[in-house]
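Comments concern the structure below.
Just so you know, all these numbers are worked out from the coordinates, no wet-lab data involved. The shown structure was predicted, so the numbers you read here are calculated from the model rather than taken from an experiment. Every residue, glycine among them, receives a Cβ derived from its backbone with ideal geometry; neighbour counts consider all protein chains shown.
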Amino acid sequence: MKKSAFILTILLLVSRLLGMGRELILSHFYHTSIYTDAYFLSRSISNIVFGIFAAGMVTTFIPMYIRTREQQGTEKANRFMSNATNFMILVTVVLSILGMLFPEALLFVFANDLPPEAMELTIRFVRVGLISIVFSGIRSMFEGYHQSNQHFFVAPVAGLFVNFILIFSILISVKTDPIALAWGL
């Protein structure tokens, strides 16, 4: 048990350090610019949209999954997991599509005073970044599933992969197009 806790702590620490490194790399290449503003705004909007509509589903999923597994067995619980994940995918896809169709409405709520050039760039970033809520929903559902089955290494390992992908997207964006930052989300 102590060994598992130690490994989990190390994984979380490495993930946090990678997150800090990601932010340092981003600021090294982009400093304070319309690109970092667009990136952070699109990331914040995606996180808020996910947090408001989908994170609650994940929070209620774990106790419902455990109760179903205890009362009706693993097969029924896994069917519940499948149905809940499909519903999460449906909700997040619909939210993503709505956000992509109406990014101006989101920006009106979150940043309605952007200059025209920044607004245009941020709209591009938001449209791409909203795709991330689908993957965040799926990842959250499976993290909840694994945690309810006493598998706690999934979340920190996923954090490592996310940070590597984001760092890679920053490096790609420097050589190609800043929109790669949003694709990294």
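Taken together, the criteria place TYR65 among residues that are within 28 Å of GLN150 (Cβ to Cβ) and crowded, with 16+ Cβ neighbours inside 10 Å.
As for the stretch 76-87, it holds at least one residue that is loosely packed, with under 14 Cβ neighbours inside 10 Å, in a helix (DSSP H, G or I) and touching a Lys or Arg at 6+ places or on another chain (Cβ under 9 Å). The residues listed here are THR36, THR32, THR59; of these, the one that is farther than 30 Å from ASN83 by Cβ, assigned to a helix (DSSP H, G or I) and of a type in the set (Ser, Thr, Tyr) is THR36.
Counting only residues that are among the polar types (S, T, N, Q) and touching a residue at least 12 places away in the same chain (Cβ under 8 Å), which one in the stretch 6-46 is farthest from LEU130 (Cα to Cα)? Only one residue fits best here, namely SER15. Between a first residue in the stretch 70-90 that is of a type outside the set (D, E, K, R) and a second residue that is not in a helix (DSSP H, G or I), which pairs have beta carbons less than 9 Å apart while being 6 or more apart in sequence or on different chains? Matching pairs, first to second residue: MET88/ALA54.
So that you can scan it fast, the table gives a plain yes or no per residue for (1) within 30 Å of ALA111 (Cβ to Cβ); (2) touching a strand residue (DSSP E or B) at 6+ places or on another chain (Cβ under 9 Å); (3) β-branched (Val, Ile, Thr):
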{"position": "ASN47", "(1), (2), (3)": "yes, no, no"}
{"position": "THR60", "(1), (2), (3)": "no, no, yes"}
{"position": "ILE66", "(1), (2), (3)": "no, no, yes"}
{"position": "THR74", "(1), (2), (3)": "no, no, yes"}
{"position": "ALA84", "(1), (2), (3)": "no, no, no"}
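For the stretch 114-154, a residue qualifies if it is farther than 26 Å from ILE34 by Cβ and small (Gly, Ala, Ser), and the qualifying residues are GLY137, SER140, GLY144, SER148.
Being exposed (fewer than 14 other Cβ atoms within 10 Å of the Cβ) and over 23 Å from TYR30 (Cβ atoms) narrows it down to one residue among VAL94, VAL134; which is it? Only one candidate qualifies: VAL94.
Within the stretch 149-179, restricting attention to residues that are outside any helix (DSSP H, G or I) and touching a residue at least 24 places away in the same chain (Cβ under 8 Å), which residue is farthest from ARG69 (Cα to Cα)? Residue satisfying both the conditions and the ranking: PRO178.
Residue-wise test of (1) touching a helix residue (DSSP H, G or I) at 6+ places or on another chain (Cβ under 8 Å); (2) of a type in the set (A, V, I, L, M, F, W, C).
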position: LYS3; (1), (2): no, no
position: MET20; (1), (2): no, yes
position: GLU23; (1), (2): no, no
position: TYR30; (1), (2): yes, no
position: SER42; (1), (2): yes, no
position: GLY51; (1), (2): no, no
position: GLY56; (1), (2): no, no
position: PHE61; (1), (2): yes, yes
